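Visitor: One structure coming up, written as structure tokens, with questions to follow.
The values are calculated or read from the model by the stated rules, or taken from the named source; none is laboratory data. Note that the structure is a prediction, hence the values are computed from the model and not measured. Virtual Cβ from ideal backbone geometry, glycine too; neighbours counted across all protein chains shown. Please note that ligands, DNA and RNA were not included when accessible areas were found on the heavy atoms of the full protein model with its side chains. Shrake-Rupley method; radii C 1.70, N 1.55, O 1.52, S 1.80 Å.
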Amino acid sequence: MTKYILFLLVFLYTSCNLTQKKAAEVIISMENRGLIADSGMVVSAHPEASKIGVAILRKGGNAVDASIAVSFALAVCYPSAGNIGGGGFAVVRMSSGEISTLDYREKAPKSASRDMFLDSKGNVINDLSVYSYKASGVPGSVDGIITLYEKYGSLPFSELIQPAINLALKGFKITKNQAEDFNSLQIEFQKSNPDGCAFLKSSAWQEGDLLIQEDLAKTLERIRDFGRAGFYEGETAKMIENEMLRKNGLISIDDLKKYKSLWRKPIQGNYKGYKIISMAPPSSGGIALLQLLNSVENQDFGSFHSSQHIHLFAEAERRVYADRASYLGDSDFFPVPISQLIDKKYNTERMKTFNLDKATSSKEIKEGEISMHESEETTHFSIVDKWKNAVSITTTLNLSYGSRIVVKGAGFLLNNEMDDFSIKPGYPNAYGLIGGEANAIEPYKRMLSSMTPTIVLKNDSLFFVVGSPGGSTIITSVFQVITNVTDFQMTALQAVEASRFHHQWLPDEIFYEKNGLDSLVIIGLTKKGHFLKQRAPIGRVEAILVLPNGKLEGAADPRGDDNAQGF
Ligand code: GLY
């Protein structure tokens, strides 16, 4: 029987395309690893996007070329978070050692104002910052993708975007999860798009139905033919403006024309001999990740998922998220004390009140002394090419399907990223995160993000490429998966599959995945004074580990339709 199964697996492996699932079956049965590849790897949230990315690598494209093809493909086949109407961050490390981090986060439109989501009494107007025309920031994705291409692209741009155009025109078979998503959102899509959109259907969606997006294909063709101007000017810009004019939206043609992505100074630091490279503000991700790693570096973790391990991590997270609420925002508008926050001594000092036996109440935790829900949709992908160039990109519309408004005639969804600003001091956003002055709304300002696209080096060589969606849980997901590999010696697949937990200062609770923790550990944590709450899956991590023999291990998160492909 065992021989028969092995034969079947080998047969599947050799006779079909190298998809993650099939290859993983072969590999896991022997090594408990993800997909192993020699020359290139793409791990993304959707099999169609991973397939397109790997085809670009096979053609001789580099990791950035593949990232461009994957970005556009995800906008078609993973509309809940893949996008051209949102924004993101890219962390790139070329095999030469050159490191670049690109910020293509959305910006507040010029006519945005601090209290735009409050009524005359200063109360937050229900849903205005999430499901309305005012919820959208000026999209950055198209400018970001083109800026990446201009710096590192090697194949013709048209060859990188064409697979996404074909996918939109010919359609692709939706997954079971997508069919369920579309069915559950029919009323919302109808309400937001009274003239119709591609996600509306008179009968129920079924797994395997074709999703064809002709308007989106035309927009992608305009981007192919006119570059930036195909989105930020001309027909597409006019369609966005028309959409805004229908219901008092704020994004103007001038806002679109002025949008520019920015190369930021990477956030870098060391953790137990590994070098961590991640994203600077307006993402909080890089700073918070380094703060967390610094906070636990000299502490004893105990065994994996013991109450000692979870208590230590939760206490570090409590302190770091308190800092995030006060000090993090768009550094072009607010003086974020970056070097002080990621300083090892500062974080060691913050952990001085850590008690091995007792939870600290979040009421007792304030930001450190420095001189001076809901579905969490975002998507991450990791790519490594045959030269060991690496790209780590996280991109988002904010919540699942963003504002749910599809630009009429242009076929793409608008983000609802304005909710990532602190719309009122101390008022929690959709992820329960609070903020203040540092992240208050101002015209042209970028809203604070938690996206944490990260690259880890070992002995100055590429070691791990990682990132996740998940709103406020992005940072803690990346933190745990990195330490699963560096401290608990897990394979990439084990590190990604392992259950996760999360603390974000407020609310004062440790969230954990269903059946994710041992009941004795839960009792132990409760005895220390923690409050615990079970919740839906936390994060969806896509990771690539470089093995000592130079091969790549791709690990796609089993929490979704995620998929690794390599060759
Ligand atoms: N919209 C989620 C984030 O940027 O953190």
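Visitor: Is region 281-352 best put as rounded, prolate or oblate by its Cα gyration tensor, with a ≥ b ≥ c the root eigenvalues, rounded for a/c under 1.5, and otherwise prolate when a/b is larger than b/c, oblate when not?
Guide: prolate
Visitor: Report D for region 149-210 in µm² per second (integer): Stokes-Einstein, Kirkwood Rh on Cα pairs, 20 °C, 1.002 mPa s.
Guide: D, rounded to a whole number, is 155 µm²/s.
Visitor: If each residue of separation counts as 0.36 nm, what is the full-extension length gain between K358 and D225 once their alpha-carbon separation is subtracted?
Guide: Numbers: separation 133, 0.36 × 133 = 47.88 nm, distance 6.10 nm.
Length gained, K358 through D225: 41.8 nm.
Visitor: Over all distinct alpha-carbon pairs, what is the Kirkwood Rh of region 52-111 in angstrom?
Guide: One over the average 1/r among Cα pairs gives 13.1 Å for region 52-111.
Visitor: For the charge dipole of the chain, defined by +1 on Lys and Arg C-beta atoms and -1 on Asp and Glu C-beta atoms about the Cα centroid, which residue among G426, I36, I52 has the Cα displaced farthest towards the positive pole?
Guide: After comparing all options, I get I36.
Visitor: Hey, another quick one. Please calculate how many Å² of accessible area region 118-159 carries per residue, with a 1.4 Å probe and no DNA, RNA or ligand atoms counted.
Guide: Per residue, region 118-159 has an accessible area of 41 Å².
Visitor: Now for a separate question. Between region 357-420 and region 118-162, how far is it from one alpha carbon centroid to the other, in angstrom?
Guide: Answer, in whole Å: 12.
Visitor: Taking a 1.4 Å probe, which of W505, W263 shows the most accessible area, and what order do the others take after it?
Guide: The ranking, largest first, comes out as W263, W505.
Visitor: For region 355-368, take each phi angle, set θ = phi - 60°, evaluate the Karplus expression 6.51 cos²θ - 1.76 cosθ + 1.60, and give the result in whole Hz per residue in order, putting x for glycine and proline.
Guide: After applying 6.51 cos²θ - 1.76 cosθ + 1.60, I find 10, 4, 9, 9, 6, 8, 6, 4, 5, 7, 9, 10, 4, x Hz.
Visitor: Please list, in order along region 256-267, the HN-Hα scalar couplings obtained from phi with the Karplus expression 6.51 cos²θ - 1.76 cosθ + 1.60 (θ = phi - 60°), rounded to whole Hz, x for Gly and Pro.
Guide: 5, 4, 7, 4, 9, 7, 10, 6, 10, 6, x, 8
Visitor: At a Förster distance of 35 Å, what's the computed FRET efficiency of F488 paired with N248, Cβ-Cβ distance as r, to 0.05?
Guide: Working: r = 52 Å, r/R0 = 1.47.
FRET efficiency, F488 to N248: 0.10.
Visitor: Relative contact order for region 142-249 using alpha-carbon pairs under 8 Å, separation at least 6, rounded to a whole percent?
Guide: 32
Visitor: Turning to a different aspect of this structure: Pairs of alpha-carbon atoms within less than 8 angstrom and 6+ residues apart define the contacts here; what relative contact order does region 43-147 have, in percent?
Guide: Averaging sequence separation for qualifying contacts and normalising by length gives 23 percent for region 43-147.
Visitor: Considering region 58-178, what Rg and Dmax in Å follow from its alpha-carbon atoms?
Guide: 18.0, 60
Visitor: Compute the signed sum of charges (Lys and Arg +1, Asp and Glu -1) over the other residues within less than 12 Å, Cβ to Cβ, of A49.
Guide: Numbers: positive: K51; negative: E48, E542, D561, D562.
Local charge sum for A49: -3.
Visitor: Which value at 222 nm does the chain reach when only helices count, each DSSP H run of 4 or more adding -39,500 (n - 2.57), with the total divided by all residues and rounded to the nearest 500 deg cm²/dmol?
Guide: So the helix-based figure for the chain works out to -11000 deg cm²/dmol.
Visitor: A further question follows. In vacuo Debye scattering of the chain, one point per C-alpha: log10 I(q)/I(0) at q = 0.07, 0.09, 0.12 Å⁻¹?
Guide: For the requested q values the scattering log ratios are -0.37, -0.62, -1.15.
Visitor: Right, another one. With each label point set 7 Å from Cα along the Cα-Cβ vector, what nm distance links S158 and N183?
Guide: 4.2
Visitor: Moving on to the next point. Please compute the per residue accessible area over region 199-257 with all protein chains in place, 1.4 Å probe, rounded to a whole number of Å².
Guide: 50
Visitor: So how exposed is L520, as accessible area in Å² (1.4 Å probe, rounded to 10)?
Guide: Here the accessible area works out near 130 Å².
Visitor: Which far-off residues, 5 or more places away or on another chain, put their amide H under 5 Å from the one on F464, with H placed in the peptide plane?
Guide: So F464 has HN proximity to V456, V546.
Visitor: Another question about this same structure. Give the calculated FRET efficiency between K345 and S519 to the nearest 0.05, with a Förster radius of 35 Å applied to their Cβ-Cβ distance.
Guide: 0.35
Visitor: Gap in Å between the Cα centre of region 214-248 and the Cα centre of region 54-104?
Guide: Each part reduced to its Cα centre gives a spacing of 21 Å.
Visitor: Additional query: Counting other C-beta atoms within 10 Å, and keeping those with at most 13, which DSSP coil trypsin sites (Lys or Arg not before Pro) do you find in region 503-567?
Guide: Numbers: sites: K514, K527, K528, K533, R535, R540, K551, R559; in loops: K514, K528, R540, K551, R559.
Loop-located and lightly packed - K514.
Visitor: On to the next question. Does region 389-465 classify as rounded, prolate or oblate by the C-alpha gyration tensor (a ≥ b ≥ c root eigenvalues; a/c under 1.5 gives rounded; else a/b over b/c gives prolate, otherwise oblate)?
Guide: In terms of gyration-tensor shape, oblate.
Visitor: What Kirkwood Rh does region 179-294 have if only Cα atoms enter the pairwise 1/r average? Answer in Å.
Guide: 18.4
Visitor: Roughly how far apart, in whole Å, are the Cα centres of region 442-485 and region 531-564?
Guide: Between the Cα centres of region 442-485 and region 531-564 lies a distance of 13 Å.
Visitor: In addition: What list of ³J(HN,Hα) couplings, whole Hz, do you get for region 454-470 from phi and the Karplus terms 6.51, -1.76, 1.60, once you set θ to phi - 60° and write x for glycine and proline?
Guide: Listing the rounded values in order: 9, 10, 10, 10, 10, 6, 6, 10, 4, 10, 8, 10, 8, x, 7, x, x Hz.
Visitor: Express the carbon and sulfur contribution to the solvent-accessible surface of region 127-247 as a percent, rounded to the nearest whole number, probe 1.4 angstrom.
Guide: Numbers: 2710 of 5350 Å².
Its accessible area is 51 percent carbon and sulfur atoms.
Visitor: Counting only protein heavy atoms, what percent of the accessible surface of region 347-413 is carbon or sulfur at a 1.4 Å probe?
Guide: 50
Visitor: Still on this model: Could you state the accessible area per residue of region 301-342 in Å², with a 1.4 Å probe and every protein chain left in place?
Guide: Result: 25 Å² per residue.
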